[in-house]
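Novice: Structure in C-alpha cells, see below.
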Amino acid sequence: MRTETPPTIRLQDYRPSDHLIDRVDLDIRLDPHASRITAVLALRPNPAGTPGAQLVLDGDELGLVGLALDGKALPAEAYAATPAGLTLHAPPQGPFTLTVETVVDPTANTKLMGLYRSSGVYCTQCEADGFRRITYFLDRPDILSVYTTRIEAAREEAPVLLGNGNPVETGDVPGTDRHYAIWQDPHPKPAYLFAIVGGRLGHVGRSFVTSEGREVALGVYVEPGKEARADYALDAVARSMTWDEEVFGRAYDLDVFNVVAVSDFNMGAMENKGLNIFNDKYVLASPETATDADYANIEAIIAHEYFHNWSGNRVTCRDWFQLCLKEGLTVFRDQEFSSDMRSRAVHRIGEVRTLRARQFPEDAGPLAHPVRPKHYAEINNFYTATVYEKGAEIVRMLKTLIGEAAFRNGMDRYFSENDGTAATVEDFLAAFATETGRDLAHFAQWYERPSTPRIAVSGHYDATAKTYRLDFRQTRPGAGADAPPLVIPVALGLIGPDGPLTATNARVRDGVFVLESAEDSLTFENIAAQPVPSLFRDFSAPVRVEMALSDAEQLTLLRHDTDAFNRWESAQRVALRILIEAARSGSETLDGSEGLAAALAAFLDGEALRDPAFAALMLALPSEGEVASEIGANIDPDAIFSARRRLRQALAARLRDQLAVLREQLADPAGAAFSPAAAAAGRRAFRNAALDLIAVADPERGAALAREQIATAATMTDRLAGLATLAQIPGEAREAELAAFAELYADEPLILDKWLAIQAAIAEDDTIARIGRLQRHPAFSMTNPNRVRSLVGVFSLANPTQFNRVDGAGYALVADTVLALDKRNPQIAARLLTAFGSWRQLEPVRRAAAEAALRGIASAGGLSRDVADIAGRSLA
Ligand code: PHE
Ligand code: ZN
C-alpha cells in the first residue's frame, strides 16, 4: 500500500473552534494493557464559531467504550466514532457535558506519544497531538481547559502517582490492591500540556519560596537508586526559578513543581504544567557518570522547560504555526540564563556553532521553512533548528534593536496582556510596538520566509579625507525574488593597528547600526589609518557575512578586538578560508596555516591560563559540516576531511610543546574536589582539546597520554575525552580500551550511549561494519530513542566521510534504520531521515547515491506520515 499524500494544514485557514471545553475531569485507571480513561468534558458552543456546527473531536488509534451526553448514553445514530475521531451530529446549542470512555494499551505504545510505559513507568507525552491518543478531544492549543485528574493504579506497580497542578487527595481503593491520587490544575491549559506519571520512582526534593511568598515543593523523580544523580537537576530548578524572578519578573504559580526522568523519550524534555517530563539523559548527573557537557545541558534544559511555565504555558500558542512563539522565546530565555550562570562569551560561541551546524544547512536545503511556517503536513516535523534556534535569534535581535529596558518592558506587557490566552507572533510583536511606539511590521519579515541572509560588506579608506566607509548589501538566497530586505542589527566597531578606535557616526547607536534596505553605507570621520571593521559583534544577526579581509586583517581582530565573539570568529574565518581553498584545490600546501598557527600560539601564550574555556574554543577548527555548508555546492566530504586533517596536523606540529606545558599547568591540584561549574569545566575542556591536538601531532604519545587519562580520570569528562582521542588512533590499544569501557559501564546505558557515539564517529572505512556489530551489542536497542540517536544519529550527523561514502553504504545504513524504525516510532525515524537534508549540494556521484536512497524510502509501502513528509519534501 502506498501512503497517500498527507493533507496540508495552512496558517491562512485558521479559524476558531466551533466548541470550547471549559473543564476536563479525568479518571485514569492505569493497567499495563488496558488502561481505562473516563473523561467528563464540560463543553459549550464557541461564540466565535459557527452556530449549530457538529462537534468533531480528534482521536488517534482510539477505541471508544462508552459515551454519554449530560449523563445519558447516546443512541448510535447520534454520533460516529472511528479510531481517528468522534463526531456528534447535533450537539446541544448550550452548555453540555460529554462523558467519553476509552481504553488504551500503554505497553504496546511504541510511538511514545499519548500514554505509554518506559521501563515499566507509566507516562504521557501530549505535545503536539498526543492527547488524542488518550481520549477524544478538541486537541488544538487554543482550547484551554481547567483539568482535574484522578489517577488510579496498583500500589505495588505504581506507588508514585503524579499529575498536573496541585495534589488534592490520595487514598486506597477499598477491597483492592489499588490506590489513587487526585490532582487539580487551576490554570487553564491546552491539552498538549497535560501529563500524568505512575510508577516506582525514587525522588529528591526541597522547598522554594517564590518572590510572591508562595512555598513550592520541588521534586525530581528518577529510577530508584539513582536519587543522588538528581541533585544537580533539583538545584538547577531552584536557580531557574530565582533567575526568572530576577530577570523577567516571573514567579511560579503552583504549590508543587515536579520533574520526572524517563528512559524512553522522543525529545529532550517536555514542559507539562507543573510536571515536566524529561529524557533521563537531561536529568541524571554525577561526577562519575556525567560529562561537563551533560551538566551544562541539564542546567539549560531544566531551565528551558521551567521557563515555559510563562513562555508557553501561561501564554500559549493559538495554533502550531506559532510554535516559535514559545520555542524561540524560551530558547532565548534559556540561553540568557546559561550565559548568566556560565561564561557569556563562551556560551554565545556555542550557540552560534549550533546554529551554523544545524540551522544554516536546514535553511539552505529542501527542508527549509520560515520560522513561522505557512503550512505543514506533520507538525512533529517542525520542531526544528529553524523554529528553535533561529526563532531565538529573532528575539535576540529584537532586544538589540530596542534596547534592554524596552525589551524587558515589552516582555512584561506581552505576559500580562496575553496571560491565560493562546497568542500569536503578532501579539508578541504588538507588545513591543506599543511599548516603544515603533512599527515592527518590517522586522516581522524575519518570521515569514526561509533563507540565511548574505551580507556583502566592503570597506573603503580615504587616507586624504581620513574617512572610512562601509558599504553593505543584503541578499536573501532562496527567499524568492520578491523578498523584501530585512531589518538587520549590525553591532560593529573599528579596530586600528594598535587597538579599538573611537569611531562615531550618528547612525550607530550603542554600537549598533541598523541595516534596513538592500544597500546602505556608513562613513566614519577622523580615522587616522586604515582600520579593520569588527562586524556583527556577538553575532548580532543570523546571517552570513562576506567581506574580503586578508588573514592579517582578520588576525588583527583576534589580537585587538574588544568583542570576544569576533576574536574567536576571526580565527575561524582564517581557518575556513584555508580549509575551503585546500578542499577545492586538493593541494597539499595550506596557504596561511603558519600565520594562523603563530597567531594562536601568541594567543595561547597570553590567555590560555586566564580563560581556558575560551582558549579551548580557539583551538577547535570549523567542523567538516560547517566547511561543507560554506562551500555550498559540489561538495566532496573526503576532500574537506583531508584538508581539515592537514590543517590540524599543521597547527598541532606548531603548538604541541606549548599545549603540553599548558595542559600540565591547567591540571587540577591533587585532591581537588569535583566542581561542575564553568571554571573547572573550562580547564578540562582546554586540557582535552590540547590532548587531542597532541595526539594529532604525535599519535604514539597521544595514545599513551589518552590511556593514562582513561586509567586515572577522576571525571567522566576526562575519561571519555581520553577514549575519544584514542578512538582516532587505529590499533590494538583502541580496541582494548573500548572493550574495557563497555565492560566497566555495562549497567550504565547513558554512558554506553557515549561509547556508541564515539565509535559511530570514527572516520574509517571499517565503521559501517563496526556499527553493524554494535547494533547487535547488548548496549544497543532499536526501541530506545537515545540508543538509536547515539549510534545511527551520530553516524549520520558527525561522520560525514562515512555517511557520504561513494559506494552508498552509509546512506543504506541510515535508510534501512529509518524504514525499520518507522514501523514502531515514526517521529524518531523521520528525524533520522533529515540527515539527507543537504543531499543536493553533494558532488554528482554521492548526490546520485543519496537520491537513490531517498527514493527507495519514498517508494516503500506503508510509510508513516512523518517519514513520508520528510522524504517527499527532501526530494521535491
Ligand atoms: N516542547 C518541548 C520543548 O521544547 C519539546 C517537545 C516537543 C517535547 C514535542 C516532546 C514533544 O521544550
Ligand atoms: Zn521548548
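Residue-wise test of (1) closer than 16 Å to ILE9 by Cβ; (2) surrounded by 22 or more Cβ atoms within 10 Å (Cβ to Cβ); (3) aromatic (Phe, Trp, Tyr).
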{"position": "ASP319", "(1), (2), (3)": "yes, no, no"}
{"position": "GLU327", "(1), (2), (3)": "no, yes, no"}
{"position": "VAL331", "(1), (2), (3)": "no, yes, no"}
{"position": "ALA345", "(1), (2), (3)": "no, no, no"}
{"position": "GLU351", "(1), (2), (3)": "no, no, no"}
{"position": "ALA357", "(1), (2), (3)": "no, no, no"}
{"position": "PRO366", "(1), (2), (3)": "no, no, no"}
{"position": "HIS375", "(1), (2), (3)": "yes, no, no"}
{"position": "VAL387", "(1), (2), (3)": "yes, yes, no"}
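This table checks each residue for (1) under 28 Å from ILE578 (Cα atoms); (2) assigned to a helix (DSSP H, G or I).
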site	(1), (2)
PHE641	yes, yes
ARG645	yes, yes
ALA650	yes, yes
ARG654	yes, yes
ARG663	yes, yes
PRO669	no, no
PRO676	no, no
ALA681	no, yes
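Novice: Still on this structure: Could you run through region 553-575 and say how many residues are in a helix (DSSP H, G or I) and in contact with a Pro (Cβ under 8 Å, 6 or more places away or on another chain)? Spell out the reasoning first.
Specialist: The first filter runs over region 553-575 and keeps only residues in a helix (DSSP H, G or I), leaving 553-560, 564-575.
Pick out the ones that are also in contact with a Pro (Cβ under 8 Å, 6 or more places away or on another chain) and you get 556, 560, 572, 575.
Qualifying residue count, region 553-575: 4.
Novice: In region 348-383, which residues are closer than 17 Å to GLY328 by Cβ, away from ligand 1 (no atom under 16 Å from the Cβ) and not charged (D, E, K, R)?
Specialist: Scanning region 348-383 gives VAL352, LEU355, PHE360, ALA368, HIS369, PRO370.
Novice: Contact list please: Cβ distance under 6 Å, first residue in region 252-269 and under 16 Å from ARG831 (Cβ atoms), second residue in a loop (DSSP other than H, G, I, E, B) and more than 12 Å from ligand 1 (Cβ to nearest atom), pairs at least six apart or on different chains.
Specialist: As it stands, the answer is ASP264/ASN784, since those pairs meet every condition given.
Novice: Only residues that are in a loop (DSSP other than H, G, I, E, B) and either within 13 Å of ligand 1 (Cβ to nearest atom) or closer than 18 Å to GLY199 by Cβ (or both): list them for region 280-290, please. So that I can check it myself, show each step before the final result.
Specialist: Taking region 280-290 first, the residues in a loop (DSSP other than H, G, I, E, B) are 283-290.
Passing the criteria: VAL283, LEU284.
Novice: Out of curiosity, is ASP142 crowded, with 18+ Cβ neighbours inside 10 Å, closer than 23 Å to THR783 by Cβ and either under 29 Å from the mean Cα position of the chain (by Cα) or basic (Lys, Arg) (or both)?
Specialist: Here the answer is no, as ASP142 does not meet what is asked.
Novice: A further question on this structure: I'm told THR50 meets every condition in (1) over 18 Å from ILE143 (Cβ atoms); (2) loosely packed, with under 14 Cβ neighbours inside 10 Å; (3) among the polar types (S, T, N, Q) except one. Can you identify the failing condition by its number?
Specialist: Tallying (1) over 18 Å from ILE143 (Cβ atoms); (2) loosely packed, with under 14 Cβ neighbours inside 10 Å; (3) among the polar types (S, T, N, Q), THR50 fails exactly one: (1).
Novice: Moving to a separate point now. Out of curiosity, is ALA293 away from ligand 2 (no atom under 14 Å from the Cβ), assigned to a strand (DSSP E or B), out of contact with any Lys or Arg (no Cβ under 6 Å at 6 or more places or on another chain) and of a type in the set (A, V, I, L, M)? I'd like the intermediate steps shown before the answer.
Specialist: Working: away from ligand 2 (no atom under 14 Å from the Cβ): yes; assigned to a strand (DSSP E or B): no; out of contact with any Lys or Arg (no Cβ under 6 Å at 6 or more places or on another chain): yes; of a type in the set (A, V, I, L, M): yes.
No; evaluated as a whole, the condition is false for this residue.
Novice: Within region 1-41, which residues are at pLDDT 95 or above, in contact with a helix residue (DSSP H, G or I) (Cβ under 9 Å, 6 or more places away or on another chain) and either closer than 14 Å to TYR136 by Cα or not in a strand (DSSP E or B) (or both)? Can you show your working first?
Specialist: Our first condition is that a residue be at pLDDT 95 or above; within region 1-41, this holds for 8-41.
Adding the requirement that they be in contact with a helix residue (DSSP H, G or I) (Cβ under 9 Å, 6 or more places away or on another chain) leaves 9-11, 14, 21, 24.
Residues satisfying the conditions are LEU11, TYR14, ILE21, VAL24.
Novice: Hey, another quick one. From the list PHE539, PHE565, PHE513, which residue is of a type in the set (Phe, Trp, Tyr) and in contact with a strand residue (DSSP E or B) (Cβ under 6 Å, 6 or more places away or on another chain)? Outline the logic, then answer.
Specialist: Working: PHE539 fails: in contact with a strand residue (DSSP E or B) (Cβ under 6 Å, 6 or more places away or on another chain); PHE565 fails: in contact with a strand residue (DSSP E or B) (Cβ under 6 Å, 6 or more places away or on another chain).
The unique qualifying residue is PHE513.
Novice: Of (1) among the aliphatic types (A, V, I, L, M); (2) assigned to a loop (DSSP other than H, G, I, E, B); (3) within 13 Å of ligand 1 (Cβ to nearest atom); (4) under 30 Å from ARG683 (Cβ atoms), ALA300 satisfies all except one. Which?
Specialist: The single condition ALA300 does not satisfy is (2).
Novice: Can you spot a residue in region 401-413 that is hydrophobic (A, V, I, L, M, F, W, C) and surrounded by 23 or more Cβ atoms within 10 Å (Cβ to Cβ)?
Specialist: There is at least one residue in region 401-413 that is hydrophobic (A, V, I, L, M, F, W, C) and surrounded by 23 or more Cβ atoms within 10 Å (Cβ to Cβ).
Okay, residues lined up against (1) closer than 30 Å to THR82 by Cβ; (2) among the hydrophobic types (A, V, I, L, M, F, W, C); (3) under 24 Å from the mean Cα position of the chain (by Cα):
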residue	(1), (2), (3)
SER119	no, no, no
CYS126	yes, yes, yes
ALA153	yes, yes, no
LEU161	no, yes, no
GLY175	no, no, no
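Novice: Follow-up. For region 90-128, what are the residues that are among the acidic types (Asp, Glu) and either within 16 Å of ligand 2 (Cβ to nearest atom) or closer than 18 Å to VAL197 by Cα (or both)? Don't jump to the end; show me each part of the working.
Specialist: If we filter region 90-128 for residues that are among the acidic types (Asp, Glu), which is where we start, we get 101, 105, 127.
Selection gives ASP105, GLU127.
Novice: Then there is this: Go through the residues of region 234-241 one by one and say whether even a single one is closer than 30 Å to ALA406 by Cβ, within 16 Å of ligand 1 (Cβ to nearest atom) and of a type in the set (S, T, N, Q).
Specialist: Yes, that holds for at least one residue.
Novice: Follow-up. Considering only region 128-139, how many residues are over 23 Å from the mean Cα position of the chain (by Cα) and of a type in the set (A, V, I, L, M)?
Specialist: 2
Novice: Given the conditions (1) within 16 Å of ligand 1 (Cβ to nearest atom); (2) part of a strand (DSSP E or B), report the number of the one that ARG150 does not fulfil.
Specialist: If we test ARG150 against (1) within 16 Å of ligand 1 (Cβ to nearest atom); (2) part of a strand (DSSP E or B), just (1) comes out false.
Novice: Charged (D, E, K, R), at negative phi and surrounded by fewer than 15 Cβ atoms within 10 Å (Cβ to Cβ), is that true of GLU553? Don't jump to the end; show me each part of the working.
Specialist: On the way: charged (D, E, K, R): yes; at negative phi: yes; surrounded by fewer than 15 Cβ atoms within 10 Å (Cβ to Cβ): no.
Here the answer is no, as GLU553 does not meet what is asked.
Novice: OK, next. So for region 279-288 (the condition being surrounded by fewer than 20 Cβ atoms within 10 Å (Cβ to Cβ) and either in contact with a Lys or Arg (Cβ under 8 Å, 6 or more places away or on another chain) or within 29 Å of LEU112 (Cα to Cα) (or both)), does at least one residue qualify?
Specialist: So in region 279-288, the residues surrounded by fewer than 20 Cβ atoms within 10 Å (Cβ to Cβ) come out as 286-288.
In the following step, the residues that additionally are either in contact with a Lys or Arg (Cβ under 8 Å, 6 or more places away or on another chain) or within 29 Å of LEU112 (Cα to Cα) (or both) were identified as 286.
So far as region 279-288 goes, yes, one or more of its residues are surrounded by fewer than 20 Cβ atoms within 10 Å (Cβ to Cβ) and either in contact with a Lys or Arg (Cβ under 8 Å, 6 or more places away or on another chain) or within 29 Å of LEU112 (Cα to Cα) (or both).
Novice: For residues that are more than 22 Å from SER416 (Cβ to Cβ) and within 13 Å of ligand 1 (Cβ to nearest atom), tally how many sit in region 304-330.
Specialist: Residues flagged as more than 22 Å from SER416 (Cβ to Cβ) and within 13 Å of ligand 1 (Cβ to nearest atom) within region 304-330 amount to 4.
Novice: Still on this structure, I have one more. Counting only residues that are touching a residue at least 40 places away in the same chain (Cβ under 8 Å) and under 18 Å from ILE402 (Cα atoms), which one in region 495-516 is surrounded by the most Cβ atoms within 10 Å (Cβ to Cβ)?
Specialist: Here the answer is LEU515.
Novice: Turning to a different aspect of this structure: Just to be sure I understand, how many residues within region 736-752 are within 28 Å of the chain's Cα centre (by Cα) and not in a helix (DSSP H, G or I)? Lay out the reasoning, then the answer.
Specialist: At the first step, the residues of region 736-752 found to be within 28 Å of the chain's Cα centre (by Cα) are 745, 747-752.
Of the ones still in play, those that are also not in a helix (DSSP H, G or I) are 745, 747-748.
Qualifying residue count for the region: 3.
Yes or no, residue by residue, for (1) crowded, with 23+ Cβ neighbours inside 10 Å; (2) closer than 28 Å to ALA599 by Cα; (3) small (Gly, Ala, Ser); (4) modelled with pLDDT of 95 or more:
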position	(1), (2), (3), (4)
PRO622	yes, yes, no, yes
GLY671	no, no, yes, no
GLY682	no, yes, yes, yes
ALA685	yes, yes, yes, yes
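Novice: Would you be able to say whether some residue in region 325-333 is acidic (Asp, Glu) and touching a Pro at 6+ places or on another chain (Cβ under 9 Å)? Talk me through it step by step, then tell me what you get.
Specialist: Kept after step one, since they are acidic (Asp, Glu), are these residues of region 325-333: 327.
Within this subset, residues satisfying the condition of being touching a Pro at 6+ places or on another chain (Cβ under 9 Å) are none.
Checking region 325-333: not a single residue is acidic (Asp, Glu) and touching a Pro at 6+ places or on another chain (Cβ under 9 Å).
Novice: Given the structure, is ILE277 within 15 Å of ligand 1 (Cβ to nearest atom) and part of a helix (DSSP H, G or I)?
Specialist: Numbers: within 15 Å of ligand 1 (Cβ to nearest atom): yes; part of a helix (DSSP H, G or I): no.
Considered against the rule, which asks whether it is within 15 Å of ligand 1 (Cβ to nearest atom) and part of a helix (DSSP H, G or I), ILE277 comes out as no.
The values are calculated or read from the model by the stated rules, or taken from the named source; none is laboratory data. Everything quoted here is computed from the prediction, not taken from an experiment. Cβ: placed from backbone, ideal geometry, glycine included. Neighbour counts: every protein chain shown.
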